[in-house]
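What follows draws every value from the coordinates through simple rules; no lab data is involved. Just so we're clear, the structure is a prediction, and the values are computed from it rather than from any experiment. With ideal geometry, Cβ positions are generated from the backbone for all residues, glycine too; neighbour counts draw on all protein chains shown.
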Amino acid sequence: MPAPLHPHTALPVVAMIGGGQLARMTHQAAVALGQSLRVLAAGPDESAALVAADVRFGDHRDLDALRAVAGGATVVTFDHEHVPTDHLEALEAAGTRVAPSPGALVHAQDKLVLRRALGEAGEPQPAWAEVSSAADVEVFATAHRWPVVLKTPRGGYDGKGVFVVRDVVEAASLLERHGTLLAEQRVAMVRELSAQVARSPFGQVAVWPVVETVQRDGVCAEVIAPAPGLSEERAAAAQELAVRIADRLGVVGMLAVELFETPDGILVNELAMRPHNSGHWTIEGARTSQFEQHLRAVLDYPLGSTAMTAPVAVMANVLGGAAAAEDWSGPALDERIHHFMAHWPDVKLHWYGKTQRRGRKLGHVTALGDDVAEVRARAVAAARYLADGVVDPAFAFEHDH
């Protein structure tokens, strides 16, 4: 049976579960390919629902809502991993193509499933154990030392569901609240890296340069491409690791492999099977963005070039700061964007259309150039001004606009 096509464009229809900023930016990439992404959003004020033409409203945990958005679609994909696995299996059983498949996606949904799979494959990862009692944690800590990292197997993101515990009392309290947890050794980390790969249904792959991710309070604040000072050997090892994981799990679409760099090498932290914050820089910084590449991959189109458009690209998230406070008396958002554009005309802004609140990812900026320190300073200063209305003295405005 031929894949369904859009009645007006005669092009494939991609349905994305989730209406956040990842769906919004995937929609923007879809428009350039002659398409309008179909989105399942929780409400009309979600980031993608504000811009996409084909929006269905519903809960991603509601099988009927999933069936409705999948009807007539060529493929169903995701901007988050929180859709119940059994619902996706039901869609597949009814003939809907899901990318990545439920069998692959579960490795991004459940950290214990991931750890077991990596262990079976012999891939590098921190020491870990499944724990359901304080005694289990004590045994693990005796072998690997306190403090121990405890994680909820499902549902955690942006630092949520991750706890550093220093004794049995803390561990017992968490286990009482959350039940079975994943215990991990707290590794001697140099920094965090991300290796992204796109994979098509028949195994074509494309990789981008390995990037450094800078976290603040568990949330990605900056991404530096390529990762400064990373040896060619270690960068190649990270890319090859990402490709092996994508092939072994049968991933279709984007895969981000979040990594810990240690003095001895790299270890797998977590996976994301969708466009990822660590790849936002690719919109301006690579010939093919992660969002376009995700569409190419799930539609089984040939993959695009991942070559960088400049020697250095830095993405800085605009996280809700002082300007998001209810008692904010500084420049309004429109005025801040005006000043931003005047002072940083070469820095690109992506605003997500969200209601402002502290700590929330409101948008991101990307700067390109030749010198890592200079490019990073520009991106961080621009993002800080949008979030807090604060101008770094090194980047004081030359004119009053």
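Net charge around residue 93, counting only other residues with Cβ within less than 14 Å of its Cβ (Lys, Arg = +1; Asp, Glu = -1)? Please report the intermediate quantities before stating the final value.
Values: positive: 67, 97; negative: 86, 89, 92.
Computed value for this residue: -1.
Under 8 Å for C-alpha pairs, at least 6 residues apart: give me the relative contact order for segment 127-185, rounded to a whole percent.
Working: 91 pairs, mean separation 30.9, N = 59.
Worked out over segment 127-185, it gives 52 percent.
Which of the aspartates and glutamates could a cross-linker bridge to residue 348, judged by Cα under 17 Å and excluding same-chain residues fewer than eight apart?
Filter leaves 222, 284, 334, 335, 370, 374.
Short version: ³J(HN,Hα) in whole Hz for each residue of segment 266-275, in order, from phi by Karplus 6.51 cos²θ - 1.76 cosθ + 1.60 (θ = phi - 60°), x for Gly and Pro, what are they?
Couplings: 10, 10, 6, 8, 9, 10, 10, 10, 4, x Hz.
I need 176, 212 ordered by Cβ neighbour count within 10 Å, fewest first. Write down the numbers at each step before the final one.
On the way: 176 9, 212 23.
Fewest-to-most ranking of 176, 212: 176, 212.
Please state the relative contact order of the chain as a whole percent: Cα pairs under 8 Å, 6+ residues apart? Don't jump to the answer; show the numbers that get you there.
Numbers: 845 pairs, mean separation 49.9, N = 401.
About 12 percent, as a whole number.
Between segment 138-155 and segment 217-236, what is the separation of their alpha carbon centroids in Å?
Cα centres, segment 138-155 to segment 217-236: 26 Å.
Take the alpha-carbon centre of segment 74-130, take the same for segment 371-387, and report the distance between them in whole Å.
Using only Cα atoms to place each centre, the spacing works out to 36 Å.
Stretch residue 322-residue 133 to full length: gain in nm at 0.36 nm per residue minus the Cα-Cα span? Please report the intermediate quantities before stating the final value.
Numbers: separation 189, 0.36 × 189 = 68.04 nm, distance 4.12 nm.
Taking residue 322 through residue 133 to full extension adds about 63.9 nm, to one decimal.
What ranking of 16, 25, 341 emerges when the number of other C-beta atoms within 10 Å of each C-beta is taken as an exposure proxy, fewest first?
Numbers: 16 32, 25 27, 341 13.
Least crowded to most crowded, the residues run 341, 25, 16.
Under a straight-distance cross-link criterion of Cα-Cα below 16 Å, which lysines are reachable from residue 111, leaving out those fewer than 8 residues away in the same chain?
By straight Cα distance, residue 111 reaches 151, 160.
For 306, 180, what ranking results if the residue with the fewest other Cβ atoms within 10 Å of its Cβ goes first?
Details: 306 19, 180 13.
Fewest-to-most Cβ neighbours within 10 Å comes out as 180, 306.
Take each complete run of DSSP H in the chain, measure how far its Cα atoms stretch along the helix's own axis, and keep only those covering 24 Å or more with mean Kyte-Doolittle hydropathy at least -0.5; list them. Please list the in-between numbers first.
Values: long enough: 232-249 (26 Å, -0.22).
Flagged H segments are 232-249.
I want to check the label-to-label distance for residue 120 and residue 61. Put each point 7 Å from Cα in the C-beta direction and report it in nm to one decimal.
2.8
Over 38 Å, how big is the tail of the calculated P(r) for the chain, in percent of all Cα pairs?
On the way: 16777 of 80200 pairs.
Every Cα pair in the chain considered, those over 38 Å come to 21 percent.
Could you tell me the distance between the Cα centroids of segment 19-41 and segment 159-196, to the nearest Å?
Cα centroid to Cα centroid, the span is 34 Å.
List every residue whose amide H lies under 5 Å from the amide H of residue 55, counting only residues 5 or more places away in sequence or on a different chain, with H placed 1.01 Å from N in the peptide plane.
39
Out of residues 5 or more away from residue 369 or on other chains, whose amide H comes under 5 Å of its own, with H placed 1.01 Å from N in the peptide plane?
312
Over the alpha-carbon set of segment 62-177, work out the extent along each principal axis and list the three values in angstrom, largest first.
Extents along the principal axes: 55, 32, 21 Å.
Give me the percent relative contact order of segment 14-98, please, defined on Cα pairs under 8 angstrom at least 6 residues apart.
Numbers: 158 pairs, mean separation 26.7, N = 85.
Normalised by residue count, the contact order of segment 14-98 is 31 percent.
For the modelled label position 7 Å from the Cα of residue 188 along Cα-to-Cβ, which residues of segment 244-275 have backbone nitrogen atoms closer than 16 Å?
260-267
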